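Worksheet for the structure shown next.
The values are calculated or read from the model by the stated rules, or taken from the named source; none is laboratory data. Since the model is a prediction, treat every value here as computed from it, not as a measurement. Methodologically, a virtual Cβ is constructed for each residue, glycine included, from the backbone with ideal geometry; neighbour enumeration extends over all protein chains shown.
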Amino acid sequence: MDSITLLSQFSTATIHEALGKCGNLPSAIKPIHTNMKVCGPAYTVKTMPRDNVLLHRAYAYAKPGEVIVANCSGFYEAGYWGDLMSLGAITKGINGLVIDGCVRDADDIEAIGFSVFSRGLCIQGTSNHGDGFLNEPIIIGEVLINPGDIIVGDRDGVVAVPQHRVTETIEKSIARIEKEVQVREQLREGKTSIEIYGWDKKFGY
């Protein structure tokens, strides 16, 4: 099983913990439908405020399986992405969109089946000047995202896994899940989490 398939089996919360509580994008970025998930290498985009030409170029140039990850220069009051772009992207095999901005045409995007994670929905249109850059390092929130880093998104949010930490993250995610299995068994036996983690002795509860 390849590393991307393995990572896709873990929740974003588990991966975030496995990374040492880092890599999480701003919590405002969520799937436009709760069932949407995404996992794949990042194809990064930096757009100028209220301009989406670079996003059109991104889905045209990105490779099948990649996830378009966009920084919109901190301007959120525009619908940078819509149903037609989603149709074009899914036809080319793009795995999804993670955008630090808003999108529109949510119902139609959901019907198409293209995974979109955004700060929200906005009906305002965009310009077409085309300023910005493609497939270079970007920053979203406090996270540096390099092209090829693995992006994982689910209902809880989005996390970026640096390429050089993928194997480590998988190993630590597996270990965390195994530990949680043991904790669940103890909870079913009647123990409290305070007892399981030893906080009753540590804090005198």
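General observations
- Restricting the range 15-49 to residues that are surrounded by 21 or more Cβ atoms within 10 Å (Cβ to Cβ) and out of contact with any Gly (no Cβ under 8 Å at 6 or more places or on another chain), the residue that is nearest to LEU134 (Cα to Cα) is THR44.
- Residue match in the range 80-88 (condition: over 18 Å from TYR43 (Cα atoms), assigned by TED's automatic domain parsing to the domain that holds ILE68, of a type in the set (A, V, I, L, M) and touching a strand residue (DSSP E or B) at 6+ places or on another chain (Cβ under 8 Å)): no
- Residue list for the range 15-49, filter: over 11 Å from the mean Cα position of the chain (by Cα), of a type in the set (D, E, K, R) and either within 23 Å of THR5 (Cβ to Cβ) or modelled with pLDDT under 95 (or both): GLU17
- Residue in the range 61-70 that is closer than 14 Å to ASP156 by Cβ, of a type in the set (A, V, I, L, M, F, W, C) and assigned to a strand (DSSP E or B) present: no
- Inter-residue pairs, beta-carbon under 9 Å, first not assigned by TED's automatic domain parsing to the domain that holds GLY93 and in the range 43-60, second surrounded by fewer than 24 Cβ atoms within 10 Å (Cβ to Cβ) and among the hydrophobic types (A, V, I, L, M, F, W, C), 6+ apart: none
- ILE32 vs. criteria of a type in the set (A, V, I, L, M, F, W, C), assigned by TED's automatic domain parsing to the domain that holds GLY132, under 18 Å from SER115 (Cα atoms) and in contact with a Phe, Trp or Tyr (Cβ under 6 Å, 6 or more places away or on another chain): no
- Once the range 35-50 is narrowed to residues that are assigned to a strand (DSSP E or B) and out of contact with any Ser or Thr (no Cβ under 8 Å at 6 or more places or on another chain), the residue that is farthest from THR12 (Cα to Cα) is VAL45.
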